[in-house]
1. Which residue is surrounded by the most Cβ atoms within 10 Å (Cβ to Cβ), if the candidates are limited to segment A:69-107 and must be touching a strand residue (DSSP E or B) at 6+ places or on another chain (Cβ under 7 Å) and hydrophobic (A, V, I, L, M, F, W, C)?
2. Between B:S535, B:S486, B:S523, which is hydroxyl-bearing (S, T, Y), touching a residue at least 12 places away in the same chain (Cβ under 8 Å) and either in contact with a Lys or Arg (Cβ under 7 Å, 6 or more places away or on another chain) or more than 21 Å from B:Y593 (Cβ to Cβ) (or both)?
3. Consider segment B:560-609. How many of its residues are of a type in the set (G, A, S), within 11 Å of chain A (Cβ to nearest Cβ), surrounded by fewer than 21 Cβ atoms within 10 Å (Cβ to Cβ) and over 32 Å from the mean Cα position of the chain (by Cα)?
4. Can you name the number of the only condition in (1) out of contact with any Phe, Trp or Tyr (no Cβ under 8 Å at 6 or more places or on another chain); (2) within 10 Å of chain A (Cβ to nearest Cβ); (3) surrounded by fewer than 22 Cβ atoms within 10 Å (Cβ to Cβ) that B:Q514 fails?
5. Which pairs turn up if I take residues in segment B:546-559 that are more than 7 Å from chain A (Cβ to nearest Cβ) and buried (at least 23 other Cβ atoms within 10 Å of the Cβ) and look for partners that are of a type in the set (K, R) and not in a loop (DSSP other than H, G, I, E, B) with beta carbon separation below 7 Å, at least 6 apart in sequence or on another chain?
6. May I ask you to say which residue of A:R111, A:R155, A:R104 is more than 17 Å from B:T569 (Cα to Cα) and among the basic types (K, R)?
7. Output the qualifying pairs, or none if there are none: Cβ atoms under 7 angstrom, residues six or more apart or on different chains, first residue in segment B:590-604 and closer than 17 Å to B:K545 by Cβ and in the same structural domain as B:T551 (by TED's automatic domain parsing), second residue surrounded by 20 or more Cβ atoms within 10 Å (Cβ to Cβ) and among the hydroxyl-bearing types (S, T, Y).
Amino acid sequence: METASPPLETASADELQSLEPSMQTVWSIKRGAFATITAFAVFFYDLAHLFGTSALPFGVLTAIVAVLGVLYALIWPRLMYRNWGFSIRSEEIYIEHGVLNHIRTVVPLRRIQHLDVSQDLLEREFSLGRLIVHTAGSRSSDVVIPGLNLKEAERIRDRVKQFILEDPLMEDPV
Amino acid sequence: MASPLSNGSHPPDSGGNDHDSGEERSRESSPQEPAADTDGGSAAEPFGTMEETAPDADPENPAPDTQPTASDAPDDGNPVPNPDNDGPATLGELHEPQRLHPLTLLQRFLASLPALLLLMVPVLMNPSGENVFYLFMTVAFGVIALPSILLQYYRFSYRLTPKQIIIQSGVFNRQNRSIPIERVQNVQIEQNVLARVANIAKVKIETAGSTGTEGVLEYVSLDEAQRIRHVIRSFQRQTTNAETATEQDVSADSIDGDESDASTSPEGERRAEEQVLFRMPLQRVFLSGMFRFSLVYIAVVFSVFQFVEPDTLLNYVLASRSQFQSFVDAIYASPFFAAVVTILFAALFGWLTGIAINLNRYYGFHLWLEGDKLRKKHGLFTVTEGTIPLEKVQALILRTNPLMEAFGWFALEAQTVGVNVDEQGHRVVVPFARREQVLDVGRRVREFDLPDSFQRVSPLTIRRSFVRYMVALTVVVAPAVYFWPSDWAAPMDAALPYWAYTLTPLLLLWAYLQYTHHGYTLSDDGLYIRRGVISRYIWVLPTEKQHVFYTTASIFQRRLGLKSFFVDTAGAAGYAYPEVVDVPADTADSSLYRLYDRFHTLYQDRIRAATGSADTRLSSEERPQLPEATRNEWAEG
């Protein structure tokens, strides 16, 4: 653009930071648990109809669900990971994510109302944290960056907090 | 009745300013109180007595912010100490816990009667031993519900301090709610018909933080309601005065100017301060009702018809007049004709209902500017007053529909934060006016320049919408065809659901119309987006109020090289939000960059203007360093 300001023009993919690779494992475990339960449920359904008049031969339904489960739990997290990128710039947070829908988000730091760093049980095992950025926007009032190193998440939080606190305008973000 | 425009029915007091008017009201309301109470035949006990109002008859009135703990001040008969300051309003008896108006009791009792009657119905229909249970319930109701109304009333109290509004309530669980005055956005006074007869009103206190209403006082006397609002406003004005005086001389000057004017001639100044921006004469209200033709009302009328049994009604009306006999015969002869007549009747009723509802809502609508707040008042049976602080307006929305637009009529809404959840963040500013008038009022709210033309999105959007509609149609038709019994209607050997595909040209037309009515303009002051075929919106999204910037590209959009972009604002509604759908991907990206760039530049310029230098936060070297220990910890981790 014609102005001297640095925003976004530098948004090339190589600059983007990836999530921690271990996030793929966390996603896989969470989704795998769900897929396994579903597959078992379908398997028991199949079993119950073993001697009934079913349109499909025994095991087909289970196999379909199992294949979908593998896609869902093993392949999809890899795609999610590959499509996730973010960069904490001097004045904004820039995020790209989404497997089917590619979504790019620009959150100006001065619009941030508050920040959370959270961690669930599984994430704690991998010392991962997620940064939750709350804005006053209405469509999605919080933007989440998962799969950060907990220390890194806290560092980003403190840095952004510093930026907000130093705002010379000190205006109400709304 | 006291008009809020003149802020009380009292005559102007010589040399009085705001505080005198507040105080004078309390002086004159004391003798009136018993009179007002005799309306309801209840005692004047909970309200201000002469002794209580006496202290604030003191003309030298206190500035509440110089006296930070009025709430803690013991009740020494002089509740508000008075340094010689321009305190615009007195707390008066409001600083002590107040009860609601006694008529509240009557109102709550009346409101509980329907439930009681419902319980009584079986007993009344069949007063025999079988209905002992219902009789028992009725008695239980009397024993539990009625005393609880009384208890609730006596356990409810409210009071004001310069810093907060304190509402205590609850019979068993005491609730102590305090609302900081600086967070109050809107004090709404509502009166329905009964309340107006009894001269009482409901006060709703809305704040920025919560979406709903934070505190409700239901009911207080109208005088009291206006006094509460007045006191809250003047406390707020003082706080802002104090803040701006230290920070920005310019704005402090202007506010001071207002105040000094106020002290010279309160009534005249008040008129000058209140600029009426928009008024709706009666015929305009009728006219606007005629355009407010809503299918909802027709649906309501139809659902009422279900109970009314139109045949009997029509019989009753028409058969009594023999000259209409032929008409009645015609209706009985042809079901098609009957259906058309019914629909026409429903449409007519729906239309008239729409006019009536609109009349009730917008009767006597007027909008005026008071300082930095828009205020409006309207309604026939229920008079509603509303306040929209200008600085809380996030976006403006011009609305119309094809019929209104053909005659040149528009409506203006403001998207605000922290107001009524009923209006979903969108508040009507001008219900119905000419385009120029709407733009004029809109510019008073926020300077903007509506572009003459809008940039179109990619024509590929027609194809996408059309495909989407066809898929949706198929999703409905396919199961219908599958389950369609072979002996049911199948014109020309095709099952009836297949005939839904005759809608195809209409869907294509619809997709095309959506394309022609969708457009956007990136202008220096913000983003303008136009959308909608039947319900037409134009959004004005000022750069200053933009929040988060998005582009999205679904898997189908990517195939066509399209993207959508969207700028989030605070308080936007979920159903119709200003998204620009299906523009070429590179245009979407560059638009978003331009928008963000403008946003960024705007704030950089502001920082430069405020501090005289560039934003120092931008370079990390100049950023204050974090503690050594923390940095080492990171280095290790």
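1. Our first condition is that a residue be touching a strand residue (DSSP E or B) at 6+ places or on another chain (Cβ under 7 Å); within segment A:69-107, this holds for A:83-87, A:91-97, A:101-107.
Cutting the leftovers down to hydrophobic (A, V, I, L, M, F, W, C) gives us A:84, A:86, A:93, A:95, A:103, A:106-107.
Numbers: A:W84: 20, A:F86: 20, A:I93: 22, A:I95: 22, A:I103: 17, A:V106: 26, A:V107: 23.
For segment A:69-107, the residue satisfying everything is A:V106.
2. Numbers: B:S486 fails: touching a residue at least 12 places away in the same chain (Cβ under 8 Å); B:S523 fails: either in contact with a Lys or Arg (Cβ under 7 Å, 6 or more places away or on another chain) or more than 21 Å from B:Y593 (Cβ to Cβ) (or both).
Just one listed residue meets the conditions, B:S535.
3. Qualifying residue count for the region: 3.
4. (2)
5. B:Q557/B:K563
6. Only one candidate passes the filter, namely A:R155.
7. Here the result reads B:L592/B:T551; B:R598/B:T543; B:F599/B:T543; B:L602/B:T543, each pair linking segment B:590-604 to a residue that is surrounded by 20 or more Cβ atoms within 10 Å (Cβ to Cβ) and among the hydroxyl-bearing types (S, T, Y).
For every residue, the table says whether it meets (1) among the hydrophobic types (A, V, I, L, M, F, W, C); (2) outside the structural domain of A:Y45 (by TED's automatic domain parsing).
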| residue | (1), (2) |
| --- | --- |
| A:A73 | yes, no |
| A:L109 | yes, yes |
| A:L115 | yes, yes |
| A:G137 | no, yes |
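The values are calculated or read from the model by the stated rules, or taken from the named source; none is laboratory data. This is a predicted model, so every value here is computed, not measured. Positions of Cβ are generated from backbone atoms using ideal geometry, with glycine treated the same way; all protein chains shown enter the neighbour counts.
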